[in-house]
Amino acid sequence: MEETEEPHLDFGNTEIAFSHKTDRELKRTYLLFKFMNNPKLVSIGSFFGNIAAKIPFHLMDPIIRETVFKQFCGGTSLFQCQKVIDLLYHKKTMTILDYGVEARNKDEDFQRTLDENIRALEFAYSNPNVPVISTKLTGYVPISVLEKKQAGEKLSTFETIAMERFEERFVTLCEKAVELGVSVFIDAEESWIQDPIDELVNKYMPVYNKEKPILYNTYQMYRKGCLEYLQSNFEKARAGNYIFGAKVVRGAYLEKERNRAKEKGYEDPILPNKDATDEQYDQTIRFCVQFPEQMSLCNSSHNWKSNLLQTQLMKQHNIPNDHPNMNFCQLLGMSDNLTFNLAAQGYYVAKYVPYGPIKDVVPYLIRRAQENTSITGDMSRELKLLDEEMKRRGLK
Ligand SMILES: Cc1cc2nc3c(=O)[nH]c(=O)nc-3n(C[C@H](O)[C@H](O)[C@H](O)COP(=O)(O)OP(=O)(O)OC[C@H]3O[C@@H](n4cnc5c(N)ncnc54)[C@H](O)[C@@H]3O)c2cc1C
């Protein structure tokens, strides 16, 4: 682990990062990440897909529950998440509840997602350690309708109604969020369905963010022109006198995006390489940190350089570590070295805690497993840290 430039903030401190794990838990986590790091599992999506197709789910359930689900999810219900919320709070870390169900198709399923999101808002309201919930708007409307809308195709009567219901559900969610004073992060999804999602969030941010940042949209920095897009939305917020809520990520659908652009023969919407994404990401953090009173930023990354950059910029701009608009966030089960070392220095940091029925969170779990697989055969970032802590405790 390279040294950070600030002596007080050491992301290499694995003692703080893993102090919540007993030796037994640490060994188990190490073995899980070692398994996921196997280069043979590079196409882990199809690996799990093949297994899932051959083995009945009730047989898979206990294996998933005891391994990746335990590592990356808070539980199958809100109630089950309480243990994780308490543990995080003990480490001065807030929780963002993320109902992990994605891409539904039927009207009753969309209603169920909304009901679950409302329940999460109520749960958060009664729990001071949960200031935010997050949701994916593909839980409210068929993806096929979003895709058609974005492509500018004429919608059928049924599809027009689906879009109207989409907006109604979104407004119901926002009204409840404002009433309870709990914020909502809207996740970013694939580029070919993202425009109608952005339009909806941009339409209602001026309504709901007048006094405090209730709504946050997500900006994927692997997309070409995303910094300019964020800047133009910020200018609108400044002109309209409302608080701009921005969750900044690199982007999770790289392979899917590249494949679709190639297959359909349109310009790849993603930057050409990792360096270009990193550059745009860090430029965005540089931009956002200039306006701590007019925007609320959530730097959502496992990249230590991008996290460190924000702490350095905050110092330069004389922004206190615990400024409520300068947030950091990592996913549960990953980058504890960033989360808990930031928390130890008083930064406003949270973990995304996904929850939901195991079968429904499988796509999320596959993305996490893919992220932790090694293409080159080198140790993944997480595995290196776990390896260091195992050695520090004399377990290896
Ligand atoms: C709290 C939180 C919330 C999130 N919410 C969302 C969300 O709403 N929507 C979403 O899409 N993702 C989301 N993500 C996932 C995120 O987009 C990244 O996939 C993940 O965090 C890895 O990126 P990184 O910044 O942590 O670090 P790194 O590991 O440094 O970067 C990896 C990322 O760099 C980019 N990249 C890698 N190779 C290339 C290449 N060849 N060319 C161009 N870019 C490349 C990709 O985006 C890749 O995911 C979230 C992540 C966190 C921590």
When the chain is treated as a GNM, springs tying every alpha-carbon pair under 10 Å, which of Glu228, Glu102, Glu255 comes out with the largest mean-square fluctuation? Glu255
Toy charge model, Lys and Arg Cβ at +1, Asp and Glu Cβ at -1: the chain dipole around Cα centroid in debye, rounded to 20, equals 900 debye
About its Cα centre, how strong a charge dipole does the stretch 328-396 have in debye, to the nearest 20, once Lys and Arg get +1 and Asp and Glu get -1 at the Cβ? 120 debye
What aspartates and glutamates could a cross-link reach from Lys264, if we take a straight Cα to Cα line under 19 Å and drop same-chain neighbours fewer than 8 places away? Glu147, Glu153, Glu189, Glu190, Asp195, Glu255
Relative contact order for the chain: what percent, with Cα pairs under 8 Å and sequence separation of 6 or more? 26 percent
Kirkwood-based Rg/Rh on the Cα set of the chain evaluates to 0.94
Picking from Ser296, Ser156, Ser380, which is most flexible by a Gaussian network model of the chain using Cα springs under 10 Å? Ser156
Which lysines have a Cα less than 22 Å from the Cα of Lys83, not counting those fewer than 8 places away in the same chain? Lys21, Lys27, Lys70, Lys91, Lys92, Lys351, Lys359
Listed by chain and number, the lysines with an alpha carbon less than 23 angstrom from that of Lys262, same-chain partners under 8 positions apart left out, are Lys148, Lys149, Lys224, Lys274
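Readers should treat all values here as calculations from the given coordinates under stated rules, not as data from a laboratory. Please read these numbers as outputs of a predicted model, since none were measured by experiment. Neighbour counts are summed over all protein chains in view; Cβ atoms, including those assigned to glycine, are modelled from backbone coordinates with ideal geometry.
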